[in-house]
1. Between Ala106 and Ala12, what is the FRET efficiency for a Förster distance of 25 Å, r being their Cβ-Cβ separation, to the nearest 0.05?
2. Which number gives the lysine pairs in the chain that have C-alpha atoms under 27 Å apart and are eight or more places apart or on different chains?
3. With a 1.4 Å probe and all protein chains left in place, how much of the accessible area of segment 1-69 comes from carbon and sulfur atoms, in whole percent?
4. For His186, what accessible area in Å² do you get when you roll a 1.4 Å probe over the heavy atoms of the protein chains, rounding to the nearest 10?
5. Please list Trp152, Trp67 in order of solvent-accessible area, largest first, computed with a 1.4 Å probe with all protein chains present.
6. Measuring from label point to label point, each 7 Å out along Cα→Cβ, what is the Gln146 to Asp71 span in nm?
7. Mind pulling up the Rg/Rh value for segment 1-94? Radius of gyration and Kirkwood radius, both on Cα.
8. In degrees, nearest 10, range 0 to 90: what is the angle between the Cα axis of helix 82-92 and the longest Cα principal axis of the chain?
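The values are calculated or read from the model by the stated rules, or taken from the named source; none is laboratory data. Since the structure is predicted, the reported quantities are computational estimates derived from the model, not experimental observations. Here the Cβ positions follow ideal geometry from the backbone for every residue, glycine too, while neighbour counts run over all protein chains shown. Accessible surface areas use protein heavy atoms only, side chains included; no ligands, DNA or RNA. Shrake-Rupley method; radii C 1.70, N 1.55, O 1.52, S 1.80 Å.
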Amino acid sequence: MSDPISALSLRATHGSVQVSDTGVHGMITLRGDLASSKIRSLCKDLVGLPAPAPREVQVKGDAAVLWMSPDELLFVLPYGNVADSLARIAKVLKGQHHLAVDVSDARTMLRVDGPFAREVIAKLAPVDLYPGAFGEGQVLRSRLGQITAAFWMSGPQTFEVICFRSVAEYAFDLLAASAAAGPVGHFPRGT
């Protein structure tokens, strides 16, 4: 079996705000009763993180668990860990209503990093990204231009964006154009 290839071959822009393909990631969508102690314990088992609260992301190194909806989590983990993680989920949740799917090859992850990264995203998403309304540790599932995406802040000037792999080039070009246009000065500097 050959190694997986990232959607955009690690493509990146240069400038005040950089947009980059972050490479290959394992991703598992898990749907079920998020109040279940078994599902909550899987967060610790699979990625070593507590279960996220609504609109929250938990991140540790290359691993993350994102709250996606009232009955859905998204695990981001090393690509090579997906098969074992799915087997672990099946074992732990046997007899409990759930759905666990490997979406690694159907999604891509991009990074937007720089002093006005918040504005790059805000120009494209119909959500309130003012610093008091959205910050590190929070995740939103929304739109960027004409596509659906999920995004969160992994640092004070860094956003991670997940979208369908089939629209990766569009998402990259959209984010790159927003970054190239420069800031509009809507948010306080450095946010």
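1. Working: r = 22 Å, r/R0 = 0.89.
The computed FRET efficiency comes out at 0.65.
2. Numbers: Lys38/Lys60; Lys38/Lys91; Lys38/Lys94; Lys44/Lys60; Lys44/Lys91; Lys44/Lys94; Lys60/Lys91.
Here the count comes out as 7.
3. Accessible surface attributable to carbon and sulfur in segment 1-69 totals 51 percent.
4. Using a 1.4 Å probe on the heavy atoms, I get roughly 120 Å².
5. The ranking, largest first, comes out as Trp67, Trp152.
6. Placing both labels 7 Å beyond Cα along the Cβ direction yields 3.2 nm.
7. Values: Rg = 15.0 Å, Rh = 14.5 Å.
Here Rg/Rh amounts to 1.04.
8. 50 degrees
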